[in-house]
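Below you will find the structure I want to go over with you.
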Amino acid sequence: MKELIEKLKNKNYVRAFGLMKPEEQECYQKVGKINCVYFSGFHQDWAIPASDEEFSYGTTFAIKPSYQPEPETRDFEITPNADTWLGSQTPTGNWVRLYKIPSMPNFAGFWFGKAYLHEEDVAPNLRLKNPVIARFRV
């Protein structure tokens, strides 16, 4: 995906959205129109889209040169084990106690839905039976 993003940043490579390969169109959809520029025939230059609506098939888009994709992550739900200790499976495949998780390599934080949780907010959310995940960068 990273290679394709770099390719679609090249303004000499891109052409009308409708003429791009399906995997290229899909990449644009994942990146989002807000992270792109389009060629404006009126100004004869590249411009920023006015909205994040759907891509129009007749317009030429390029991904903004400054765009960096979010790193890939893997999520693990915080659960009790047989001894009732809270913790989580981890990328290593081992179950680890909750207090050790933040010091693990590639740890990216605790999350509840799409919201980042500070460490002190993990226990209150678990008491409320809210699903909390430990997120790791891949």
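The values are calculated or read from the model by the stated rules, or taken from the named source; none is laboratory data. Keep in mind that this is a model prediction, so the values were computed, not measured. Every residue, glycine as well, gets a Cβ built from its backbone with ideal geometry; the counts of neighbours run over all protein chains shown.
Show the residue pairs meeting these rules: Cβ distance below 8 Å; 6+ apart or different chains; first residue within region 1-15 and of a type in the set (A, V, I, L, M); second residue assigned to a loop (DSSP other than H, G, I, E, B).
Partner pairs satisfying both residue conditions: Met1/Pro69; Ile5/Tyr67; Ile5/Pro69; Leu8/Val14; Val14/Met20.
Out of the residues in region 88-112 that are assigned to a strand (DSSP E or B) and over 21 Å from the mean Cα position of the chain (by Cα), state the one that is surrounded by the fewest Cβ atoms within 10 Å (Cβ to Cβ).
Filtering region 88-112 for residues that are assigned to a strand (DSSP E or B) and over 21 Å from the mean Cα position of the chain (by Cα), the one surrounded by the fewest Cβ atoms within 10 Å (Cβ to Cβ) comes out as Arg97.
Only residues that are closer than 17 Å to Gly87 by Cβ and part of a strand (DSSP E or B): list them for region 113-138, please.
Leu117, Ile133, Ala134, Arg135, Phe136
Here is a follow-up. Answer yes if at least one residue in region 54-74 is at pLDDT below 95, assigned to a strand (DSSP E or B) and closer than 30 Å to Gly109 by Cα, and no otherwise.
yes
Let me confirm something: among Phe112, Phe107, which residue is touching a residue at least 24 places away in the same chain (Cβ under 8 Å) and aromatic (Phe, Trp, Tyr)?
From the options Phe112, Phe107, the qualifying one is Phe107.
Among (1) crowded, with 16+ Cβ neighbours inside 10 Å; (2) more than 30 Å from Tyr13 (Cβ to Cβ); (3) of a type outside the set (Ser, Thr, Tyr), where does Asn130 come up short?
Unmet for Asn130, out of (1) crowded, with 16+ Cβ neighbours inside 10 Å; (2) more than 30 Å from Tyr13 (Cβ to Cβ); (3) of a type outside the set (Ser, Thr, Tyr): (1).
Only residues that are of a type in the set (Asp, Glu), exposed (fewer than 13 other Cβ atoms within 10 Å of the Cβ) and touching a helix residue (DSSP H, G or I) at 6+ places or on another chain (Cβ under 8 Å): list them for region 1-41, please.
Glu23 - this is the single residue of region 1-41 that is of a type in the set (Asp, Glu), exposed (fewer than 13 other Cβ atoms within 10 Å of the Cβ) and touching a helix residue (DSSP H, G or I) at 6+ places or on another chain (Cβ under 8 Å).
Is it the case that Lys7 is out of contact with any strand residue (DSSP E or B) (no Cβ under 7 Å at 6 or more places or on another chain) and at pLDDT 95 or above?
yes
Could you tell me which of the residues Thr60, Thr92 is under 30 Å from Leu4 (Cα atoms), in contact with a helix residue (DSSP H, G or I) (Cβ under 8 Å, 6 or more places away or on another chain) and not aliphatic (A, V, I, L, M)?
On inspection, the qualifying residue turns out to be Thr60.
Here's a follow-up. Read through the list (1) of a type outside the set (Lys, Arg); (2) surrounded by fewer than 13 Cβ atoms within 10 Å (Cβ to Cβ); (3) in contact with a Phe, Trp or Tyr (Cβ under 8 Å, 6 or more places away or on another chain), then give the number of the only condition that Thr73 fails.
Going through the list (1) of a type outside the set (Lys, Arg); (2) surrounded by fewer than 13 Cβ atoms within 10 Å (Cβ to Cβ); (3) in contact with a Phe, Trp or Tyr (Cβ under 8 Å, 6 or more places away or on another chain), Thr73 breaks only (2).
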